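Scroll down for the structure; my scribbles are underneath it.
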Amino acid sequence: MKRILSTIAVAIWALSAGMAQAAEELFIYNWTEYTPPELVAKFEAETGIKVTVDTYDSNETLLAKLQAGATGYDLVVPSQNFVPIFVSEGLIQKVNVSGMSNFKNIEERWRNPAWDPQQEYSSPWQWGTTSFSYNSENYSGKGESLKEFFEPNEEASGRVSAFQTPDEVVNLANIYLGLPFCSEDPREMKKVQDLLVAQKQHIVAYNSETMSDMLASGEAVITNHWSGFSRLGRLTGAPIVYAYPKEGVVGWYDSLVVPTSAKNVDNARKFMDFMMDPVNMAMLTVNQGYGDSIIGSSAYYTEELKSAPEVNPPADVPVVFATTCSPKAQSLIDKVWTKVMQ
Amino acid sequence: MSSWLPTNPSSRRWLGLAPTYLVIGIFMLIPMIIMGTYSFMEANPYGGVKPVFSTAAYLQLAWEYDLDGTLVFNPGYLKIIWRSIGLSTMATVICLIFGFPVAYYITLQPENRRNFYIYLITIPFWTNLLIRTFAWIIILGRNGVIELPLLSLGIIDKSLRMMYSDGAIAIGLTYSYLPLMVLPIYASLEKLDFRLLEAASDLYSSRLEIMTKIVIPLSKPGIIAGCILVFIPCLGAFIAPNLLGGGKKLMLGSLVQFQFASARNWPFGSALSMLMLAVVVMALIFYARGAKKRAAGAES
């Protein structure tokens with residue numbers, strides 16, 4: 001989908017790169033609809049660096065792209081559980097985030113996080129949760145249990161959409177089944193596989209991009225969704241409700257990192273520092289509606305954001321952050337998903 | 001003349017053909033060799049390959065290690081291959097049914113208008129296929145261009161659920177590749193000597209006989225070329241299956257894309273590509289044989 005568009009975009013700027021050598025540039029490769037244009041404009045105005053944004057739809061796609069030798073990206077935005085993989089595969093470089101002037105603005109609990117203990121590679125972007133959303137006009141459920149997503153009732157059957165890549169779907173399934181993340185036990189993963197294969201008969205489409213559109217048109221009544229992205233769908237006027245099921249939701253933390261093949265490392269570092277400024281981070285958070293980890297940014301939040309239900313998980317719903325899976329666990333996940341996809 | 005050029009004719013012939021060999025070598029043979037090599041290697045869990053010889057990728061086409069480690073027959077991928085061939089055949093037949101009359105109609109027009117019609121046929125190529133396929137979501141979707149009028153007129157009372165089905169994939173494929181059917185058929189019909197048709201009707205041939213005994217046999221090369229041009233890209237298509245099929249009815253193209261983009265199993269993706277290549281080469285051999293037979297028939 002947008003993956004193909006992005007390939008075309010890459011081809012076009014690869015051709016035009018030769019012409020635009022003189023100006024300072026920064027190429028950001030980010031998730032779909034995750035880079036507010038006004039933020040880019042502000043950075044361009046302040047630094048005179050020309051920013052180009054290209055998009056992907058999953059951590060898996062990003063990994064595959066970089067692993068296949070894609071070059072020309074100066075900043076990419078993986079989730080926390082993928083950062084160690086990028087490090088071990090030598091795909092991202094140390095940029096000494098802890099030495100940046102705005103590093104002091106990172107909240108204590110997010111400083112030197114487990115996936116980057118010295119904060120050498122990554123600087124904050126957004127953190128949020130993954131669960132499912134439903135259309136409250138077409139569906140009478142209340143999103144109280146993950147059962148509604150994995151084992152939908154008559155009303156939702158045939159109108160459920162799940163993500164196209166396994167990472168978060170499998171983690172949600174683990175939460176629902178009460179299993180640990182990244183299990184290396186084939187018997188446990190067999191349970192996940194059975195659940196997902198059984199879920200498939202209720203699935204209308206596997207989709208990681210147009211979830212809100214599908215909910216709005218009624219093509220789906222339940223879709224896998226991200227908290228802030230679901231809020232954006234609701235703000236367009238569709239009756240979209242983000243569910244906080246009692247079993248829990250998957251938490252994730254996306255960071256800016258610099259690929260080893262980056263050409264404009266200094267500009268990338270400037271952007272990382274720029275994003276650790278509370279005013280700039282607040283701009284991103286207001287636009288996206290996830291959480292941020294910058295001290296003082298909440299002073300710039302809008303009232304709408306402060307009261308948005310997607311942003312404020314109920315206290316009794318556990319938010320379980322995904323961890324990096326071992327190769328063995330990862331290959332089990334891939335096996336399960338390949339089976340589901342048949 | 002420059003003295004560094006070889007003087008004997010056979011070396012000169014090689015030199016003259018060198019650009020061709022270079023292009024085929026760089027753009028076709030080397031990628032194929034890489035693909036073939038990767039298909040016999042082991043997958044690296046985080047993408048890429050380990051340089052260890054393995055036939056696991058080919059084994060995976062029909063067998064799998066179950067989660068408990070036993071090797072069992074798994075028809076899953078064969079089903080996908082079968083579905084791909086089925087849907088591609090369906091799309092090819094529909095393209096032929098619609099494409100042939102269009103090509104025939106264009107041939108019957110005065111010359112200046114013919115060129116204009118051919119130009120019209122090629123217009124869709126000016127817009128990106130992805131965008132044109134997205135348009136079909138609006139046409140086929142719930143409360144879309146087709147459903148909304150039917151719903152408001154009371155002809156149907158609930159959604160037809162046309163999207164995210166095999167039918168939607170077939171429509172998308174037919175739409176994408178129809179021009180590739182029309183153009184070669186037109187090219188062979190254009191050379192048709194219409195005096196033959198007049199002669200046939202002078203000799204009391206019915207319209208049906210003229211069609212089946214003269215027009216279709218003489219345009220057969222175009223029909224076969226059109227069918228191949230439609231069938232092959234259909235096999236490898238992944239935009240229509242992903243967008244219109246909802247990614248749950250995988251076809252070969254989307255299966256390959258999935259192996260590289262998500263499942264991180266490059267060897268298996270390569271093995272699937274090799275299999276597709278084999279199917280395509282077989283189709284081409286079949287075509288070439290037919291062409292040879294026709295040539296022999298024409299001489300006798």
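From zero outward in steps of 10 Å, how is the percent of C-alpha pairs of segment B:3-105 spread across the bins?
All Cα pairs, binned at 10 Å, distribute as 12, 18, 22, 21, 17, 9, 1, 0 percent.
With +1 on the Cβ of every Lys and Arg and -1 on the Cβ of every Asp and Glu, and nothing else charged, how large is the dipole of the protein assembly as shown about its Cα centre, in debye rounded to the nearest 20?
Here the size comes out at about 2440 debye.
Using alpha carbon centroids, what distance separates segment A:34-53 and segment A:82-142, in Å?
So the two Cα centres are separated by 21 Å.
Roughly how compact is segment B:75-264, stated as its Cα Rg over 2.2 N^0.38 Å to two decimals?
That ratio works out to 1.23.
Using the Cα atoms of segment B:167-215 to build a convex hull, what is its mean projected area in square nanometres?
Averaged projected hull area, Cα only: 4.4 nm².
For segment A:299-304, in order, what is each residue's ³J(HN,Hα) by Karplus, 6.51 cos²θ - 1.76 cosθ + 1.60 with θ = phi - 60°, in whole Hz (x at glycine and Pro)?
With the stated coefficients, segment A:299-304 comes to 4, 9, 5, 7, 4, 4 Hz.
Taking Cα atoms, how many degrees apart are the long axis of helix A:186-200 and the longest axis of chain A, rounded to 10 and kept between 0 and 90?
Its long axis makes an angle of about 80 degrees.
Could you list the chymotrypsin sites (Phe, Trp or Tyr not before Pro) in segment B:1-55 that lie in coil according to DSSP, counting only those with at most 15 other Cβ atoms within 10 Å of their Cβ?
Loop-located and lightly packed - B:4.
Under the rule that a partner needs its Cβ under 4.7 Å from the first Cβ, which Cys of the protein assembly as shown have none?
Cys with no partner Cβ under 4.7 Å: B:95, B:227, B:234.
Placing +1 on the Cβ of each Lys and Arg and -1 on the Cβ of each Asp and Glu in segment A:222-331, which of A:315, A:260, A:224 has its Cα farthest towards the positive end of the resulting dipole?
So the residue we want is A:260.
Specify the angular offset, from 0 to 90 degrees and rounded to the nearest 10, of the alpha carbon long axis of helix A:278-288 from the longest principal axis of the alpha carbons in chain A.
It works out to around 40 degrees.
Quick test of the membrane-span-like rule: which DSSP H helices of chain B reach at least 18 Å along their long axis (C-alpha atoms) with mean Kyte hydropathy at least -1.0?
For chain B, where a helix must reach 18 Å along its axis and average at least -1.0, the hits are B:9-24, B:76-107, B:166-190, B:220-236, B:266-299.
I need the phi-derived Karplus couplings for segment A:154-168: 6.51 cos²θ - 1.76 cosθ + 1.60, θ = phi - 60°, integer Hz, Gly and Pro marked x.
Running phi through 6.51 cos²θ - 1.76 cosθ + 1.60 with θ = phi - 60° gives 3, 4, 9, 4, x, 9, 10, 10, 10, 4, 7, 10, x, 2, 7 Hz.
Over the Cα atoms of the protein assembly as shown, what Rg and Dmax result, in angstrom?
Rg and Dmax of the protein assembly as shown, Cα atoms, are 28.2, 96 Å.
Please arrange A:225, A:202 by counting, for each residue, the other beta carbons lying within 10 Å of its beta carbon, fewest first.
With the fewest neighbours first, A:225, A:202 line up as A:202, A:225.
Just to be sure I understand: with springs between alpha-carbon atoms less than 10 Å apart, which residue in B:283, B:261, B:200 has the highest mean-square fluctuation in the Gaussian network model of chain B?
Result: B:200 has the largest fluctuation of those listed.
Over the Cα atoms of segment A:162-256, what is the Rg over Rh ratio if Rh follows Kirkwood?
That ratio is 0.98, to two decimals.
Restricting everything to alpha-carbon atoms, can you work out Rg to Rh for segment B:96-188 with a Kirkwood hydrodynamic radius?
Result for segment B:96-188 is an Rg/Rh of 1.09.
With a 10 Å Cβ neighbour count serving as the proxy for reagent exposure, in which order, fewest first, do B:188, B:39, A:157 appear?
Listing B:188, B:39, A:157 from fewest to most nearby Cβ atoms yields A:157, B:188, B:39.
With the Cα gyration tensor of segment B:77-128 in hand, give its eigenvalues times 5 under a square root as the equivalent ellipsoid semi-axes, listed largest first in whole angstrom.
The answer is 32, 14, 5 Å, longest axis first.
Which Cα, out of B:288, B:259, B:7, lies furthest along the positive dipole direction of chain B (beta carbon charges, K/R +1, D/E -1)?
B:7
To the nearest 10 degrees, how steeply does helix A:37-47 sit against the main Cα axis of chain A, on a 0 to 90 scale?
20 degrees
For segment B:169-300, what is the convex hull (Cα atoms) projected area averaged across all directions, in square nanometres?
The orientation-averaged projected area of the Cα hull of segment B:169-300 comes to 10.2 nm².
Report, by chain and number, residues whose modeled amide H sits under 5 Å from the one on residue A:256, excluding near sequence neighbours (fewer than 5 apart, same chain).
Correct list: A:123, A:125.
Roughly what % of DSSP beta bridges within the protein assembly as shown run antiparallel, to the nearest 5?
Once the DSSP bridges in the protein assembly as shown are tallied, antiparallel ones form about 60 percent.
When you look at the Cβ of every residue in A:334-342, what mean number of other chain Cβ atoms sits within 10 Å?
Partner Cβ neighbours, averaged per residue: 6.
Quick one: which residues, 5 or more positions from residue B:248 or on another chain, have an amide H under 5 Å from its amide H? H modelled 1.01 Å from N in the peptide plane, none for Pro or chain starts.
Sorted by chain and number, the residues that satisfy this are A:206.
What value does chain A have for Rg/Rh, both radii from Cα atoms and Rh as Kirkwood defines it?
0.96
A short reminder: the numbers here are calculations on the coordinates, not readings from a lab. Predicted, not measured: the structure shown is a model, and the values here were computed from it. Backbone-built Cβ (ideal geometry, glycine too); neighbour counts: all protein chains shown.
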